[in-house]
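I have placed the structure first, in the form of structure tokens, so that the comments after it can refer back to it.
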Amino acid sequence: MTEGRARLPDDQLAANFADIAPPLTNDAALLEANKCLFCHDAPCTIACPTHIDVPAFIKKIATGNLRGSARVILDANPFGHSCARACPVEVLCEGACVLNERDEQPIKIALLQRHATDYVLARKLKLFEPGPPTGKRVAVIGAGPAGLACARDLRRRGHAVTVFEAKPQPGGLNTYGIAEYKLKTDVALAEVQDILDLGVELKTGVTVEAIEPLLADYDAVFVGIGLGSTKKLGIPGENLAGVVDALTFIEHLKTHPYRETAVGRQVVVIGAGNTAIDAVTQAKRLGAAASTIVYRRGEADMPCYHYEYELAKRDGCGFRFNATPQRILGNGAVDGLEVKTAGGTETIPCDMVIVAIGQDERRELNWPKDDPRLFVGGDCSNGGAEIVNAAAEGVAAARKIHERLTNG
Ligand SMILES: Cc1cc2nc3c(=O)[nH]c(=O)nc-3n(C[C@H](O)[C@H](O)[C@H](O)COP(=O)(O)OP(=O)(O)OC[C@H]3O[C@@H](n4cnc5c(N)ncnc54)[C@H](O)[C@@H]3O)c2cc1C
Ligand code: SF4
């Protein structure tokens, strides 16, 4: 992707991709922690898919015990670092905070979680140990949050774990997909390294093509392969230069210096889910003069979270509702998108089209659904959710695998 380079200076690009929710200072964290009511049967803990004991970790921050606080978080959620940056907290823990019912701001749980987990990550503090060796071996396919959460908890129980990962780097979408202004690749990789340091064997650049040989070699297999590539639009012009799928666009942005990712002057993003929002905002932040969502349904039907929509509006992105893409126009390179609207057919001028209409399931790897030694979790089994769900499912699978390996 070299054509149509972003024209913003490097310092402007760095500012545009700086953390959207900057970390709390120590004083601000103490103040915030002391606002917590420390509820019993806390609704925030119930709302968190990994059921982190939120009042317990906040209380430890309030008493200055950041290491202990991080231990509470990471004990329940091996991806507590990235979740603190990327969880949709408005619909999870913070949305459940009782202060909402008093028309007050909820406790800033994610920022407090980040405060504690940053403390241990920056100091490379080791909070967990591998368990005594059991002699059992588990293969994990996919080094995303699901696979690595499972791997970490298996190591804590003393099982040997080998993780097979197709990509050159581990981390799954944490490394290659989460919006740059939420989670940076170096943070994602540092979090992964912390897990690998427990003695997880990682084989990158290995695409597992069949499960049966692994079932023959290992005592159990966990499949955490996530979802596949972006769905095709199936309209004429999809192969023109300047048409790119959202995951490829975001992955390029996250793995290259910002100025090396091509962005048009007039960008159109097709779709209205969270990935579409990530694409439209990041295109704008790269320097597109106009970056517009085109969606076939109405505003109220958008599948993205409300706060993501608000972010895109704040970034100055445009929205065209009730406009169904018919054809991508251009002679070699894209110069417009033809859409059908209530008023007829219309052409939206653009020099880049980003397709963000969801990911296909991975069909290339089949597995015997009834083998009791086989476990599955994360996006490939829940259809696509959040990091915290993948982590929760990886942790739950590790518990089940352990039960099987020790009782079976
Ligand atoms: C653009 C985008 C933005 C997102 N933003 C957020 C967000 O802000 N907050 C949030 O909480 N969630 C977000 N999500 C969702 C989140 O990233 C996923 O729910 C989570 O990463 C799922 O984890 P996973 O381990 O199941 O899958 P993945 O992260 O997809 O990891 C699967 C891994 O398996 C590997 N793999 C696949 N097939 C094979 C094979 N045959 N052999 C070996 N390895 C294989 C893949 O290369 C990959 O590394 C976003 C998703 C997308 C697409
Ligand atoms: S992991 Fe996510 S949902 Fe759970 S408490 Fe932390 S920020 Fe909230």
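Using C-alpha pairs under 8 Å with a sequence gap of at least 6, the mean separation divided by the residue count of the chain gives a relative contact order of 20 percent. Share of antiparallel DSSP beta bridges in the chain, in percent to the nearest 5? Expressed as a percentage, antiparallel bridges in the chain total about 30. Summarised as an ellipsoid, the chain has semi-axes of 37, 28, 19 Å, derived from the eigenvalues of the Cα gyration tensor scaled by 5 and square-rooted, with the largest first. With all pairs of separate Cα atoms included, the range 276-360 yields a Kirkwood hydrodynamic radius of 13.5 Å.
Electrostatic tally near Ala116: other residues with Cβ closer than 11 Å to its Cβ, Lys and Arg +1, Asp and Glu -1, net +3.
Among Lys232, Lys182, sorting on how many other beta-carbon atoms sit within 10 Å of each Cβ, with the fewest leading, yields Lys232, Lys182. Peptides 127-139, 289-301, 45-57, ordered by how many other C-beta atoms sit within 10 Å of their residues on average, highest first, read 45-57, 289-301, 127-139.
Divided by 2.2 N^0.38 Å, where N counts the residues, the Cα radius of gyration of the range 150-201 comes to 1.21. Can you give me the Kirkwood hydrodynamic radius for the range 1-157, using every pair of distinct Cα atoms, in Å to one decimal? Every distinct Cα pair counted, the radius reaches 17.5 Å. Among the listed pairs Lys232/Lys284; Lys167/Lys232; Lys167/Lys254; Lys182/Lys231; Lys231/Lys369; Lys231/Lys313, which have their C-alpha atoms separated by more than 19 angstrom in this model? Distance filter (> 19 Å) returns Lys232/Lys284; Lys167/Lys232; Lys182/Lys231; Lys231/Lys369; Lys231/Lys313. When the P(r) is computed for the range 1-78, the part past 14 Å accounts for 71% of the Cα-Cα pairs.
Scaled to the globular estimate 2.2 N^0.38 Å, the Cα spread of the range 144-238, given as radius of gyration, is 1.25. Separation of the range 49-101 from the range 145-175 is 22 Å, based on Cα centroids.
When the alpha carbon gyration tensor of the range 95-167 is reduced to an equivalent ellipsoid, its three semi-axes come out at 35, 16, 13 angstrom, largest first. Once the mean of 1/r is taken over each pair of separate Cα atoms and inverted, the range 217-280 shows a Kirkwood hydrodynamic radius of 14.3 Å.
A short reminder: the numbers here are calculations on the coordinates, not readings from a lab. Model, not experiment: these values are computed from the prediction. Every residue, glycine among them, receives a Cβ derived from its backbone with ideal geometry; neighbour counts consider all protein chains shown.
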